[in-house]
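The values are calculated or read from the model by the stated rules, or taken from the named source; none is laboratory data. Just so you know, these numbers come straight off a predicted model, no measurement behind them. Virtual Cβ from ideal backbone geometry, glycine too; neighbours counted across all protein chains shown. Just the protein is used for accessible areas: all its heavy atoms, side chains included, with ligands, DNA and RNA removed. Shrake-Rupley method; radii C 1.70, N 1.55, O 1.52, S 1.80 Å.
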Amino acid sequence: MPSFDRSPEIVLWQTPFYDIKNLKDFPASYDEFEKLQLAVTSPLLPSRLPSAEMELDWGLLPTLDNLKKFVNESPSKLNESWALLKEMSSETILQKQLSKSGKVSLNNSNFKHTKRKRLDKSVFVTQKQNVVGGGTNSVFNALAAYLRYLEGTARDDWQEVHEKLRTAEIRDGASFFALFGPALCLGIISRRRVYYESIKYEKERNAGFLSPFGYSTATVSASADTVCSMEWYWLLLLKSQLSDGGAYPIRIWRWNGYLIQYTVVGNRGPAVLLVHGFGAFLEHFRDNISSISNDGNRVWAVTVLGFGKSEKPNVVYTELMWAELVRDFIIEVVGEPVHLMGNSIGGYFVALVAYFWPALAQSVVLINSAGDIIPAYTSPQFTKVRATSGATWLGARLLLFYLRLALGSIVKNCYPTKTERVDDWLINEMLRASYDPGVLVVLESIFSFNLSLALNYLLEGFEGKVLIIQGMKDPITDSKSKVAMLKEHCPGVVITELDAGHCPHDEKPEEVNSIISQWILTIESRVLSQACS
């Protein structure tokens, strides 16, 4: 409280998960962090703040109509049409397309849902009854039920938790965040408290001891590993915001409860969004962001879920999920239609966004994009089911071992004309990300990718608004064949061929930046002339 004779007294209530004194000394590599063997601090009671005499005039409480008016007039409120776009999931759109063509419907789940009567005092608070919420005591009760899943129970409320757990377990351990993620993000229960309760239960099962060989139950493992992973990414992104020597500011966006890293440069001109390829991150556009911005554009670049320093949660990764992430980023962060640009698998993501939600795309630039050209492709042929098996589990681990062993040579093969661009920084950052918790889950998705929606099909209706930048020495794709197919089956697409590999934007940034800036200028001039006429 302020006083006449001294400065205000500030009492800071901190509840650190790990006792870290200085974030600047926090290691950016997870394997280095594990070597510190930091203990998780115990939960504390809320701090007692000093009492102070206050004379406050509270005024009149707002009515419900006042609150509705305030919300409707809020500058951050989404435009109604854009809010509807978020409700139009890619699966819903595909479902409609499939029904029109008489195809089989999408399989929306790997599990059978059993409908049961809602309990009077249910801990599940959403309309779909799939998210734990309410007060802290309710969440504690649900957590106790979750941890004791293997014990079984006669309690109706715990049986409900166990039923939802089985439905949400789309991957081993994925059910914990699916059920408790919102409560964690809202602060109803802390990550530290979840860890404390999980370890306490583990000790109860093991006569007061913790096994050095891992947790004895899958639910304890799921809860403890989830909160530890969440804390790691939170600290990693906080540290990235403290760094003042970067070329552009790092910002944090929370998507579906997960932490996403992004940046924005420029304060005038058309909006541009850059989306990286598989295994990369927003910094892969290190020599594109500022240059394109300097040509009179506002440039956003995002590290999508599962890569770089963005969070790598235990979820099923699909191209549709990543496309919806890009959609929501445009709606929630950018706030207006953008020129979409993507490299490799990122090119496929932006093509999906342009197809499903065309109102969000001013134009599309594909840089050595993933995706096939399929002649006479007339209707979507797609299945949502992504089975995980022992083969994918083993394949992901073998792939990770190989990548860590041969990453330098793999990336240099993608830069055939300027191998010197593959510097220590690029390799080290890719290697750093390969040790992050959750990276194996992302790699497993490689074995279940379903890029069956043809690129020529996705680009229909965008004639004159699509630019293809193709490195003709791409070791991953037969560029000559792909360009020939694009010319034959994608009318109205502009194609620029470069003497480069799989990542022309980073191998020859000056050329690519000039091409992109001129492309944006052409599209914007066309839009302006159409508006004037």
Within segment 204-248, list the chymotrypsin sites (Phe, Trp or Tyr not before Pro) lying in a DSSP loop whose Cβ has at most 12 other Cβ atoms in a 10 Å radius. 209, 213
Give me the percent of accessible area attributable to carbon and sulfur for the chain, probe 1.4 angstrom. 54
Using amide H atoms built 1.01 Å from N in the peptide plane, name the residues 5+ places from residue 365, or on other chains, whose amide H lies under 5 Å from its own. 340, 341, 342, 467
Interchain or sequence-distant (5+) residues whose placed amide H lies within less than 5 Å of the amide H of residue 493 are 464
If I histogram all Cα-Cα distances within segment 187-343 using bins 5 Å wide from 0, what percent of pairs lands in each bin? 2, 8, 16, 18, 16, 12, 9, 7, 6, 4, 2, 1, 0, 0
Report the Cα-based extents of segment 418-513 along its three principal axes, largest first, to the nearest Å. 43, 33, 22
Using modelled backbone amide H atoms (1.01 Å from N, in-plane), which distant-in-sequence or interchain residues come within less than 5 Å of residue 131's amide H? 125, 126
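How high is the relative contact order of segment 140-202? Use alpha-carbon pairs under 8 Å, at least six apart in sequence, and give a whole percent. Kindly include the intermediate steps, with their values, before the conclusion.
Details: 30 pairs, mean separation 16.7, N = 63.
Normalised by residue count, the contact order of segment 140-202 is 26 percent.
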Stick to the Cα atoms of segment 158-233, pair each with every other, and give me the Kirkwood hydrodynamic radius in Å at one decimal. 13.0
With runs of 4+ DSSP H residues as the only contributors, calculate the mean residue ellipticity of the chain at 222 nm using -39,500 (n - 2.57) per run, divided by the residue total and rounded to the nearest 500. -13000 deg cm²/dmol
Over segment 279-332, the quotient of the Cα radius of gyration and 2.2 N^0.38 Å is 1.29
For the chain, what is the accessible area per residue in Å², given a 1.4 Å probe and the full set of protein chains? 52
Apply the Karplus parameterisation 6.51 cos²θ - 1.76 cosθ + 1.60, with θ equal to phi minus 60°, to every residue of segment 26-42 and state each ³J(HN,Hα) to the nearest whole Hz, in sequence, with x for glycine and proline. 5, x, 7, 9, 5, 5, 5, 5, 4, 5, 5, 6, 6, 7, 7, 6, 6
Can you give the local net charge around residue 494? Use residues other than it whose beta-carbon is closer than 14 angstrom to its beta-carbon, Lys and Arg +1, Asp and Glu -1. +1
List every DSSP H helix in the chain whose Cα atoms extend 30 Å or more along the helix's own long axis and whose mean Kyte-Doolittle hydropathy is at least 0.0. 218-242, 390-413, 509-532
So if each residue of separation counts as 0.36 nm, and I subtract the Cα-Cα distance between residue 499 and residue 86, what length gain in nm does that give? 144.7 nm
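What GluC sites (Glu not before Pro) in segment 395-481 are in a loop by DSSP, with at most 12 other Cβ atoms within 10 Å of the Cβ?
Values: sites: 420, 429, 444, 460, 463; in loops: 460, 463.
Qualifying residues, ordered by number: 463.
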With label points set 7 Å from each Cα along the Cα-to-Cβ direction at residue 72 and residue 420, the distance between them in nm comes to 6.3
For every other residue with a beta carbon closer than 14 angstrom to the beta carbon of residue 433, add +1 if it is Lys or Arg and -1 if Asp or Glu, then tell me the sum. -2
Stokes-Einstein D in µm²/s, Kirkwood radius over Cα pairs - the chain at 25 °C with 0.890 mPa s viscosity: 95
